Amino acid sequence: MAKVTLTIAGYSHELTCRDGEEAHFLRLGQILDEKAGQAARSVGGLTEVRMLLFAGLLLADEIGGLRSAVQAASDAAAAAPDNAAETLPDPLLAQAVAALAARIETLAESLEADIAEPDVAEPEAIAAEGLEAGPPTA
């Protein structure tokens, strides 16, 4: 078992977790620390226990809102016409478009770097690649 120390509103809490879950616990601790800070700023003068109670209530409120949004989206999907599935994007197509977009971004960054620092090849190197040195002929 691994140990992780969470700092919530200035208070340190050592917890045990399964090996490999340390980063996850630290992220959860950061979320709870943010909510505890929000509770302390909005109410002020809270004890540690009451601050954590208010942080928990803020998180519960946020989760309740998310659950309502998911339910509304689920209801809307259920009420959609049967052919609505045909209008949704194909997951494989979406992955292909995302991969192309990433490749285009990489190429654009490469071009921008070349423009910033042009790599001018020597005429011998150009000739070695089978290209003619000099301007293109029309």
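Scan region 84-121 for residues that are at pLDDT below 60 and either under 30 Å from LYS35 (Cβ atoms) or not in a helix (DSSP H, G or I) (or both) and report the count.
Counting residues in region 84-121 that are at pLDDT below 60 and either under 30 Å from LYS35 (Cβ atoms) or not in a helix (DSSP H, G or I) (or both) gives 6.
In region 1-34, what residues are assigned to a loop (DSSP other than H, G, I, E, B), within 19 Å of LEU59 (Cβ to Cβ) and among the hydrophobic types (A, V, I, L, M, F, W, C)?
ALA9, the sole residue that qualifies.
One residue is enough: does region 37-49 have a residue meeting the conditions surrounded by fewer than 10 Cβ atoms within 10 Å (Cβ to Cβ) and of a type in the set (Ser, Thr, Tyr)?
yes
The values are calculated or read from the model by the stated rules, or taken from the named source; none is laboratory data. Values in this document were obtained by computation on a predicted structure and should not be read as measured data. Positions of Cβ are generated from backbone atoms using ideal geometry, with glycine treated the same way; all protein chains shown enter the neighbour counts.
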